[in-house]
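Just below is one structure, and these are the notes that go with it.
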Amino acid sequence: MTKLDNQLCPICGGDSWKHNSIQTEEKHCKCGADFYLKNVMKPQDLRIGNYIYYEHTTHIISGIMGNKIYSWWVKDGKPVIEYEQKDVGGAQVENPYMDVISRYDPIPLTDAHFIEWGFYKDGEYWGRGIEDYNFCFKYRDWAKNWAFYQEFTDSPFEHDEGVKYPISFDIEFVHQIQNLWFALLHKEINEKEE
Ligand SMILES: [Zn+2]
């Protein structure tokens, strides 16, 4: 499979893809040609604190500037912070890894992440209780990504009990669920509950 450098099919010149998800790593043109996209992360998809791969190793983002990513290597769940001596007076500055965004890869979201973050298993779902509701995630084999559901646990309406309402789809990578969680709850998904 050849790598695709832009959004048009190099065989037929068309832009009609059978799977037009911006998150997929493969694209299949309607003309029958198959292409591979290394990754499609954009700086605006990312946030300080996101976990991504750099040289096949887990890193945490410490800064983003233009198309440059600053990151720390993560060892045993903790960033390894390194410093650089800045002047004779002893001032030190943080000295993270830095490279262009295209050299980083997204981390596929798996069951192991939910276990690590303290979710409970509820049938096909991974869930976590948030006040009067549960946030639940279910893997969709056919789509090769996760869907997000909300379930009320203290609803005044009996018919709501145990019903999981779909909220969003196409969650494929760790940084995506991190950012969804942070936007909804103003907390990191890997923060331990009080
Ligand atoms: Zn084509």
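The values are calculated or read from the model by the stated rules, or taken from the named source; none is laboratory data. Everything numeric in this text was worked out from a predicted model, so none of it was measured. As a convention, Cβ positions derive from the backbone with ideal geometry for all residues, glycine included, and neighbour counts pool all protein chains shown.
State which residue is surrounded by the most Cβ atoms within 10 Å (Cβ to Cβ) when the search covers only segment 97-152 and only residues that are among the β-branched types (Val, Ile, Thr) and closer than 30 Å to residue 84 by Cβ. Looking at residues that are among the β-branched types (Val, Ile, Thr) and closer than 30 Å to residue 84 by Cβ, I get 107. Residues in segment 59-83 that are among the acidic types (Asp, Glu) and surrounded by 10 or more Cβ atoms within 10 Å (Cβ to Cβ): 82 only. Of everything listed in (1) at pLDDT 90 or above; (2) exposed (fewer than 11 other Cβ atoms within 10 Å of the Cβ); (3) closer than 24 Å to residue 181 by Cα, the single unmet condition for residue 56 is (3). Restricted to strands (runs of 3 or more DSSP E) entirely inside segment 73-133, those with at least 1 residues that are closer than 18 Å to residue 176 by Cα are 125-130. Is it true that residue 165 is hydroxyl-bearing (Ser, Thr, Tyr) and not assigned by TED's automatic domain parsing to the domain that holds residue 66? Judged against the criteria, residue 165 is a match.
Of 189, 177, all but one fail to be in contact with a helix residue (DSSP H, G or I) (Cβ under 7 Å, 6 or more places away or on another chain) and either part of a strand (DSSP E or B) or modelled with pLDDT of 95 or more (or both); the exception is 189.
Looking for something closer than 22 Å to residue 58 by Cβ, modelled with pLDDT under 95, part of a loop (DSSP other than H, G, I, E, B) and in contact with a strand residue (DSSP E or B) (Cβ under 8 Å, 6 or more places away or on another chain) - is there at least one such residue anywhere in segment 156-166? Among the residues of segment 156-166, not one is closer than 22 Å to residue 58 by Cβ, modelled with pLDDT under 95, part of a loop (DSSP other than H, G, I, E, B) and in contact with a strand residue (DSSP E or B) (Cβ under 8 Å, 6 or more places away or on another chain), which makes the answer no.
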